[in-house]
Amino acid sequence: MKKTIRDIDWNGKRALVRCDFNVPLNDEGLITDDTRIKAALPTIQYLSEQGAKVILMSHLGRPKGEPKDEFSLAPVAVRLSDLLDMPIMFAASDDVVDEGVVDAVEKLEPGDIALLENLRFRKEEEKNDPDFSKALAGLGDVFVQEAFGTAHRAHASTAGVADYIPAVSGFLIEKEVKFLGDAVSNPERPFVAIMGGAKVSDKILVIENLLEKVDSLIIGGGMMFTFYKAMGLEIGKSILDEEHVEVAAGLIKKAEEKGVNLLLPVDTVCASEFSNDAEKKTVDREEIPADMMGMDIGPKSIELFTSAIKEAKTVVWNGPMGVFEMPSFAEGTKAVAKALAESDCVSVIGGGDSAAAVEQFGFADKVTHISTGGGASLEFLEGKTLPGIAVIQDI
Ligand code: ADP
Ligand code: MG
């Protein structure tokens, strides 16, 4: 068990909080989606209410180690202040930490909230430079990890600071560790993993790790065609990971050896070209036309997969079943999302596109947990230790 912000008596203590305020901005520098800011509010409010002096830090975009106005966190400070309905002290230093910032932080009263400038204005941040880590750590008494999206990186603000002050998790990280961690290491069975998305190569390590743990493994999306190829099927113009056909064959064999029930789609929706308006045809997997490409799983596969989901007690899903961005090829992904929403199993969704699909189809509040970190959630599912999680103290 990891220590959380509930395990600290905050009264008068300085909480140095690593947030993920890496929000999209438009050409005018306005925030177009503040989901990530809103997600951090419960932790920030809790700390403030408990009497902590709250010092927030984040990166934004890729300023590449030098100050650039267009990547300033100033708009985030304004939005935070609006959302919390209280003033935020924006410590606008191009050096992120300097004497002025130290002085300003010293003047904070319990409950006050400050925001530092974009951490990546300093090249030392991504280098995990000890002096920069120490300078950041000097601003706080306790480090609060609240940025899952960068927890797989060992940067000064995500890992280095914890060499100097104790680290605990905020509410977002607590949830990620609980749901992703428990699903993989301590699942209620049957445990089913659903893998999809464009390429096998992105997900090999995840599949290998999950094959050690799951009862059933469902494969869909673009990667299914590399598995088909490994089975000796013709796949027409479907997306293929040529160099990974043997890897796919190896995974099929490993599933057999481990007694994992491997479910591959039995039919597919094909298109004449990569377009929503293309001519379509649903065929069994042995009959993919040479001049067409597979874009989604077919109705027989949907039935097969949804009945496996109905029996599951834990499901981890990463990667859409088809080209869900095109309505003509969204049915498979939608059906899986719906089956998860209707099931009372623990359902954990990792991966940016899968999360977007679940949101888009309106099932986001009917699944157990949607992970906020794309790369970080994949590394978690690969069974790796994330540096930003490893630094958090155990109870
Ligand atoms: P996630 O972000 O959830 O991890 P990925 O990034 O691995 O998922 O894959 C998502 C992409 O895979 C989507 O853009 C989707 O269009 C694409 N995809 C799914 N099925 C196919 C297919 N049959 N052919 C080509 N692309 C596909
Ligand atoms: Mg993706």
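Side notes on the structure shown:
- Virtual paramagnetic centre 7 Å along Cα→Cβ of Asn11, amide N under 12 Å, in the range 45-78: 50-52
- Where both bridge residues fall in the chain, DSSP classifies roughly 25% of the beta bridges as antiparallel.
- Centroid-to-centroid, using Cα positions, the range 63-105 and the range 203-252 are 46 Å apart.
- Hydrodynamic radius of the range 254-334 per Kirkwood, over alpha carbon pairs, in Å: 13.7
- Residues whose amide H lies under 5 Å from that of Thr282, counting only those 5 or more places away or on a different chain, are Cys270; hydrogens are built 1.01 Å from N in the peptide plane.
- Put simply, when 94-107, 66-79 are sorted by average Cβ atoms within 10 angstrom per residue, most first, you get 66-79, 94-107.
- The mean of 1/r over all pairs of different alpha-carbon atoms in the chain, once inverted, gives a Kirkwood hydrodynamic radius of 22.4 Å.
- Loop-resident GluC sites (Glu not before Pro) (DSSP state other than H, G, I, E or B) in the range 114-215 with no more than 12 further Cβ atoms inside 10 Å of their Cβ: Glu188, Glu212.
- Proximal lysine pairs, the range 291-395, alpha carbons under 29 Å, eight or more residues apart or interchain: 15
- Carbon/sulfur fraction of accessible area - the range 253-395, other protein chains in place, 1.4 Å, %: 48
- In plain terms, if you count all Cα to Cα distances in the range 81-210 and split them into 10 Å steps from zero, the share in each step is 10, 30, 30, 17, 12, 1 percent.
- Length available on full extension from Ile395 to Glu106: 0.36 nm per residue minus the Cα-Cα distance, which gives 101.1 nm.
- Label positions at Glu287 and Tyr164, each projected 7 Å from the Cα along the C-beta direction, are separated by 6.8 nm.
- Rounded Å value of the spacing that divides the Cα centres of the range 342-363 and the range 149-196: 18
- Computed across the range 123-168, the Kirkwood radius stands at 10.2 Å (inverse of mean 1/r, all Cα pairs).
- Pair Ala92, Lys313: separation of 7 Å Cα→Cβ label points (nm): 5.6
- Based on protein heavy atoms only, the range 20-85 ends up with 50 Å² per residue of surface accessible to a 1.4 Å probe.
- Eigenvalues of the alpha-carbon gyration tensor of the range 297-395, scaled by 5 and square-rooted, set the equivalent ellipsoid semi-axes at 27, 15, 12 angstrom, largest first.
- Sulfur and carbon atoms: percent of accessible area, the range 70-182 [1.4 Å]: 48
The values are calculated or read from the model by the stated rules, or taken from the named source; none is laboratory data. Note that the coordinates shown come from a computational prediction; the quantities given were computed from them, not determined experimentally. Glycine also receives a Cβ, built like all others from the backbone with ideal geometry; neighbour counts cover every protein chain displayed. These accessible areas exclude ligands, DNA and RNA; they are computed on the full protein's heavy atoms, side chains included. Shrake-Rupley method; radii C 1.70, N 1.55, O 1.52, S 1.80 Å.
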